[in-house]
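Shown next, in structure tokens, is the structure this report addresses.
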Amino acid sequence: MGTQRDSRIVVLDGLRLIAAVMVAFYHFAGRNDIVAAWDAPPAVAVSRAHDVSAYGWLGVELFFMISGFVICMSAWGRDTGSFVRSRLIRLFPAYWPAVLITAVCVGLWPVVAQPLRFSDVLLNLTMLQWPLGVHGVEGVYWTLWVEARFYLLFALLLGRGLTLRRVMWFGYGWLIAAVIAHTSRERLLIVVLQPDYAPLFVAGIAFYLIHRYGPRLELWGLVAASYLMAQHNLLARVTLTEKTYIKAPLSDTVAILIVTAFFAVLAAIALGWTSRIRWRALTTAGLLTYPFYLLHQNIGFLLIHATHDRAPHWLVLAGTITVMLLAAWLVHRWIERPLAAHLRARLTPRRATIVAQPYAGRRPDLDTGSAPRARFPERR
């Protein structure tokens, strides 16, 4: 096993790509509100794939759970400045080219989606278009605003440093505050506390704490509270999705079972049951996930529209996913990596402040007086 700095939970990388592909299948084969790509509703054009793909939007739920796990892991031992820098370097080097590439493609071939005004495209480069009431170049960009609010909320913890107790009570506090925000219906509280998605982020945080410190009753209690709230929130999401996008009934039971499976998989990861999985292909999958997610929707629609009458529809669907994965690799290799390196060099302070490093051996936990369990080392 490598050191904590160079080890990586590669199963999470694989889960990321699974979540992204779920969302892509939902867009290409699940949504019946978009017929221009296939010149017919997907329920007709790709009927065999449609019934399963109609639940692909649940990949977003998995994304948010993984985000809670990974952000808690990557923030441990950092100060606020280094955490913010790491998020900027992680998000924007793939996002900027994705916005521009998609805007150019939609502008040249306005078949399925309509191009935005040049001013709106420029605003998209900030990631702040949704709170300012401007459409994203891609519909999926709404999730980035959800993620950004989570990052800002979690960053409040970093001033005094992260400990088991502080992060655990942050999780419980966020769940309670989310319920208050939902009940009050105060716009500002809802924007900040995100009652629809808070249980998913908190679940990921709780699973990371179990991974780092071992199973404890109070942490499983946080997981249980998050699950019960998440499955309740899911019912409203099912209703909205079936009425607005699927245009057909969805099963509450199936949706809850899928999210239950997400919780079970993350529990297995937190308990170390997947620690022997070290496939390098999963790391590559993780690197492709973000650019694939950013690029796939509108460009994928264009590919489907251009090829759906030239090949069997199942082949068009599979080929579109494959082409978008290839495009994601090209963006990652030739744009994202060099740009991230450039930003890292410019944003890293010349005189770096030494901060406390995460647990790397049998060091007492300053908050609880007990050592984190050695069989749950932190991964980077």
### Message
If you average the C-alpha positions of the range 173-191 and of the range 57-132 separately, how far apart do those two centres end up, in angstrom?
### Response
25
### Summary
Beyond 17 Å, the calculated P(r) of the range 149-202 holds a percent of Cα-Cα pairs equal to 34
### Query
Percentage of Cα-Cα pair distances in the chain greater than 36 Å, rounded to whole percent?
23
### Task
At 10 °C and 1.306 mPa s, grab the translational diffusion coefficient of the range 23-70 from Stokes-Einstein with a Kirkwood Rh over Cα pairs, rounded to a whole number in µm² per second.
143
### Query
Cα centroid distance between the range 313-330 and the range 257-299, in Å?
19
### Query
What order do you get for 105, 72 when you list them from fewest to most C-beta neighbours inside 10 Å?
105, 72
### Sparse-neighbour loop sites [trypsin sites (Lys or Arg not before Pro); the range 296-346; at most 11 other C-beta within 10 Å; DSSP]
310
### Query
Just the projected area, averaged over all directions, of the convex hull on the alpha carbon atoms of the range 1-155: how many nm²?
11.0
### Message
Show me the trypsin sites (Lys or Arg not before Pro) within the range 144-177 that DSSP assigns to loop and that have at most 11 other Cβ atoms within 10 Å of their Cβ.
### Response
160
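Every read-out reported here was derived from the displayed coordinates using simple, explicitly stated rules and does not represent laboratory data. Computed from a predicted structure; not experimentally measured. Ideal geometry is used to build each Cβ from the backbone, glycine not excepted, and the neighbour counts take in all protein chains shown.
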